[in-house]
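Everything on this sheet refers to the single structure shown next.
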Amino acid sequence: MCRGGRRRSGSAGRDHASHRSRRNSGELDQRICQGGQLEAARKRARAHGGLPVRAAADRAHAGIKPDRPEWARSAAAPNRNQGKPVTPKTILTIAGSDSGGGAGIQADLKVFAALGAYGTSVLTAVTAQNTRGVDAVLPLPPRTVTEQLDSVLADFTVRAVKTGMLGTPAVADVVAQAARDGRLPQLVVDPVLVATSGHRLGVVGAVERLLPYARVATPNCAEAAAITGRPVDDLAGMVVAAEALAAGGPEHVVVTGGDLGGDEAVDVLHGGGVTTLLRGPRVDTRHTHGTGCSFSAAIAVRLALGDPVPAAVGAAKEYVLRALSGARSWELGAGRGPLDHFGWSA
């Protein structure tokens, strides 16, 4: 349920499956390599599906652990409890569903898991959609949204919240009231207005209700233009829009430039009177569905882990870039497919 064909430079999916295989084969190798039986280690690792076998065995024999990207190390660190009780960082997403699994609640929960956080959710709307488009949208009643929100917040210590598709102004009022009451910490507002397919999913008035309570708002160029009433079709327009939106309440605004042309995807971060350009390579892929959802979800995780906003935004950009790159070879759906959230193809 994220928008309009953005090719966002952001960052990467966690190399979860292949890393797990390398880790398991490495652990196996370490148990039997003591007598110099390196070839036996390789054979045993091969039998257990190690990837890649030779590299894993050689690393284990040398006492070298597989490399992990910085974002993966820091995200997983809070859960290394060594047998002691631990409370995972808990994130809440308030958004609509995507039956195709590429965006919305489904994408958010994948990002939370990939980055080492526990995800909770409040559903605002049910959609029938796939990679080719949105076939139907059913907004949920405000009372149902309120009941979900109350239930989650009564039991979990939520460290950060992100919003996506709100559907109706009435639902936005429910969420805005919770924010006014101080119940939505570290709020990241992803102002979802249009799906990647072009289907309209929200109204500007609903988004505007939340912006004053956001620590970070993450509109793309089209959304920034709709909210500010100004054209946003180049870098200069992005800077003006970010400054204008920040004046309306959010602590920080990131106007994402994945929809604009060029070899780079440049995002504009504005906060505290400072404007920063975040540059990254553009990934040539049709699998861009859910980039906005994934970007904002990753920011929420990093904020929950204690990052300042600029660092959180930079880490999220890196994560989405890697997730886009990982999905380039996928054959999944006939339209704009999802990202490789877990780094399966990395």
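At-a-glance table
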item	result
Residues that are part of a loop (DSSP other than H, G, I, E, B) and either surrounded by fewer than 20 Cβ atoms within 10 Å (Cβ to Cβ) or at pLDDT 90 or above (or both), drawn from the range 202-220	VAL203, ALA214, ARG215, THR218, PRO219
Matching helices (runs of 4 or more DSSP H) fully within the range 61-169 where at least 2 residues are at pLDDT 95 or above and under 13 Å from ALA297 (Cβ atoms)	104-114
Residue in the range 298-310 that is farther than 21 Å from SER121 by Cα and touching a residue at least 12 places away in the same chain (Cβ under 8 Å) present	yes
Tally of residues being under 16 Å from ASP190 (Cβ atoms) and either of a type outside the set (A, V, I, L, M, F, W, C) or not in a helix (DSSP H, G or I) (or both) across the range 221-247	1
The range 323-339, subset in contact with a helix residue (DSSP H, G or I) (Cβ under 9 Å, 6 or more places away or on another chain) and outside any loop (DSSP other than H, G, I, E, B), residue surrounded by the fewest Cβ atoms within 10 Å (Cβ to Cβ)	PRO338
Residue match in the range 155-162 (condition: free of Cβ contacts under 8 Å to residues at least 40 places away in the same chain and within 19 Å of SER97 (Cα to Cα))	no
Residue in the range 255-276 that is part of a helix (DSSP H, G or I) and either at pLDDT below 95 or among the acidic types (Asp, Glu) (or both) present	no
SER197 being of a type in the set (Ser, Thr, Tyr), at pLDDT 95 or above and out of contact with any Cys (no Cβ under 7 Å at 6 or more places or on another chain)	no
Sole residue being surrounded by fewer than 24 Cβ atoms within 10 Å (Cβ to Cβ), among the hydrophobic types (A, V, I, L, M, F, W, C) and at pLDDT 95 or above, chosen from ALA241, ALA236, ALA226	ALA236
Matching residues in the range 302-316 - criterion: being touching a strand residue (DSSP E or B) at 6+ places or on another chain (Cβ under 6 Å) and buried (at least 24 other Cβ atoms within 10 Å of the Cβ)	LEU303, ALA304, VAL313
Restricting the range 277-301 to residues that are assigned to a strand (DSSP E or B) and in contact with a helix residue (DSSP H, G or I) (Cβ under 9 Å, 6 or more places away or on another chain), the residue that is surrounded by the most Cβ atoms within 10 Å (Cβ to Cβ)	HIS289
Residues located in the range 170-195, provided they are in a helix (DSSP H, G or I) and in contact with a helix residue (DSSP H, G or I) (Cβ under 8 Å, 6 or more places away or on another chain)	ALA170, VAL171, ALA172, ASP173, VAL174, VAL175, ALA176, ALA178, ALA179, ARG180
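The values are calculated or read from the model by the stated rules, or taken from the named source; none is laboratory data. All of these numbers come straight from a predicted model, not from anything done at the bench. We place every Cβ from the backbone using ideal geometry, glycine too, and count neighbours over all the protein chains shown.
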